[in-house]
Amino acid sequence: MSIQENVNINENTQLLFDRAAEFLKISDEGKRLLKSPYRELTVQMPIRMDNGELKVFTGYRIQHNGSRGPYKGGVRFHPAVDIDEIRALAALMTWKTAIINIPFGGAKGGVTCDPKKLSITELEKVAKSYMSKIDLVIGPYRDIPAPDMNTNAQVMAWMMSEYGKKHGHTLAIVTGKPVPLGGSLGREEATGRGCVYIVKEACKDYGIDLQNSVCVIQGFGNVGSNAAKFMVEEGSKVIAVSDVRGGIYNSKGLDIAALIKYRDETGSISGFPDSEKMSNEELLELPCDILIPAALEGVIYYDNASKINAKIIVEAANAPTTIKADEVLESRNIPVIPDIIANSGGVIVSYFEWVQNLQQFTWDLDEINFKLKKRITKGYRDVYNYAKENNLSLRTASFAFAIERVIEVVKLRGWG
Ligand code: NAD
């Protein structure tokens, strides 16, 4: 039977906060301060399209909490972007940066647009217009954007270039840049790589033989395809993946290297040889050891949570599981490794990129991957131990652990 479910990502995130704040016995004034964003900017972006028409897009930059350092968070280009989504994602960045203990606060940005319908010149105009409209609230010691859904190193290059026109050449203004333009080695694959470091730890804790495991991944963009690549390197069999057009399945395991090539050539995974078609819904219900949602939020909800057939879920996407689904999964003893630790590899290497930019120095890939593994594994262990010690779900533990870290510095600063 279906039940009424709240799938507003911002309300979900606030409820998760409330649960953890209740456990921590945070005062009402503390809750008010930590729930509300520090600053919300909405901008108008008029763009002259290739056909001569003037379209007005809307962009957002929301800075949630900056008490631990400059704001940090990606920029998403997607038709579903709205202020509530960006609010939630900004708050998640505050908790994420706190768990992995990097000296940043949390922010997020976005533009409501469908990049699939934009030409390359229109996309460049959107990226540059967005930067020129938000540059008054960002800076290398103030707020540092990065890629998220439908934005990549090229988009970051356009944004950095636009910022430089007014403020002078500033490498550290965005992370996730192309390597020849000050980007860090390892940044592009960092979220997928970090996610698989987490999978390795979680497999030890939950008795899964990673080398002989079966894995299903929703989403085959930056995060999903890199996670798939590293899962295969660990010996796992990736039997199904999907993108916005639907899923593909092969019970013997998909050839991920060939699939990445196929996607790069055709723009999608659909029609990949040696695979059967399946819907995104069916894919989530496949029997497997490890399920990695790596696309959108809210894809695991009350109605399908009871049909999930995985031994563990590792959230590479932000907020893929609703609160009601969490409860169902908990009652079925399916552990969920929360987004704010599982997908933190991207912001960890973004931090490394920022540090390298400020130092005017570069690190080699081995050093970056070593530091990434160390930091993300520690974050996972901290949350896992906190959950055990306090008899909490990993979700509530991840929020509570992060909130404790943030409130400590808020108090030290004198609340303002
Ligand atoms: P991306 O744009 O590179 O890829 C997104 C993928 O999801 C694509 O394969 C797309 O086709 C697919 N998709 C879109 N709509 C879908 C739908 N309705 N059903 C199924 N698949 C769909 O984006 P990304 O950077 O890989 O981000 C994916 C998720 O990971 C997002 O939740 C993002 O916030 C999160 N994340 C990304 C990073 C990063 O470094 N890029 C870091 C942390 C978290």
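Every Cα-Cα pair in segment 294-416 was counted, and those over 22 Å apart are 48% of them.
A Cβ-based charge dipole, computed about the Cα centre of segment 229-308 with Lys and Arg at +1 and Asp and Glu at -1, lands at about 140 debye.
Once you reduce segment 172-189 and segment 352-416 to the center of their Cα atoms, the two points are 21 Å from each other.
Straight-line reach from residue 55: which lysines have Cα under 18 Å away, leaving out those fewer than 8 places along the same chain? Straight-line reach from residue 55, under 18 Å: 116, 117, 125, 128, 133. Using DSSP, restrict attention to beta bridges with both residues in the chain and report what percent are antiparallel, rounded to the nearest 5. DSSP beta bridges in the chain are roughly 50 percent antiparallel.
Take each peptide in 180-186, 147-153, count the other Cβ atoms within 10 Å of every residue, and average; sorted highest first, the result is 147-153, 180-186.
Set the Cα radius of gyration of segment 124-269 against 2.2 N^0.38 Å, with N its number of residues, and you get 1.25. Cα centroid separation, segment 74-106 to segment 258-303: 25 Å. As an equivalent ellipsoid, the chain spans semi-axes of 30, 27, 21 angstrom, where each value is the square root of five times an eigenvalue of the C-alpha gyration tensor, largest first.
With n ≥ 4 as the cut-off for DSSP H runs, can you work out [θ] at 222 nm for the chain, using -39500 (n - 2.57) per run divided by the number of residues, rounded to the nearest 500? That calculation yields -14500 deg cm²/dmol at 222 nm. Selection among 403, 333, 356 by position relative to the dipole of segment 310-406 gives 333 as farthest towards the positive end (Cβ unit charges, Cα centre). Its Cα centre serving as origin, the chain has a Cβ charge dipole (Lys and Arg +1, Asp and Glu -1) of approximately 1180 debye.
The largest-to-smallest principal axis extents of the Cα set in segment 105-157 are 33, 19, 19 Å. Among 376-389, 344-357, 288-301, the peptide with the highest mean count of other Cβ atoms within 10 Å heads the list, and the full ranking is 344-357, 288-301, 376-389. Please label the shape of segment 288-332 as rounded, prolate or oblate, based on the square roots a ≥ b ≥ c of the eigenvalues of the alpha-carbon gyration tensor (a/c under 1.5 means rounded; beyond that, a/b larger than b/c means prolate, else oblate). Taking the square roots of the gyration eigenvalues as a ≥ b ≥ c, segment 288-332 is oblate. Translational diffusion of segment 239-370 was estimated from the Stokes-Einstein equation, with Rh taken as the Kirkwood radius over Cα pairs; at 25 °C and 0.890 mPa s the coefficient is 147 µm²/s.
The charge dipole of segment 272-322, taken about the Cα centre with unit charges on the Cβ atoms of Lys, Arg (+1) and Asp, Glu (-1), comes to about 100 debye, rounded to the nearest 20. Note on segment 39-193: Cα Rg divided by 2.2 N^0.38 Å, N the number of residues, gives 0.98. Peptide packing for 248-256, 305-313 was compared via the average number of neighbouring C-beta atoms within 10 Å per residue; ordered from the highest value, the list is 305-313, 248-256.
Each reported figure results from applying straightforward, stated rules to the coordinates on display, with no laboratory input. Note that the coordinates shown come from a computational prediction; the quantities given were computed from them, not determined experimentally. Neighbour counts run over all protein chains shown; Cβ positions are idealised from the backbone, glycine included.
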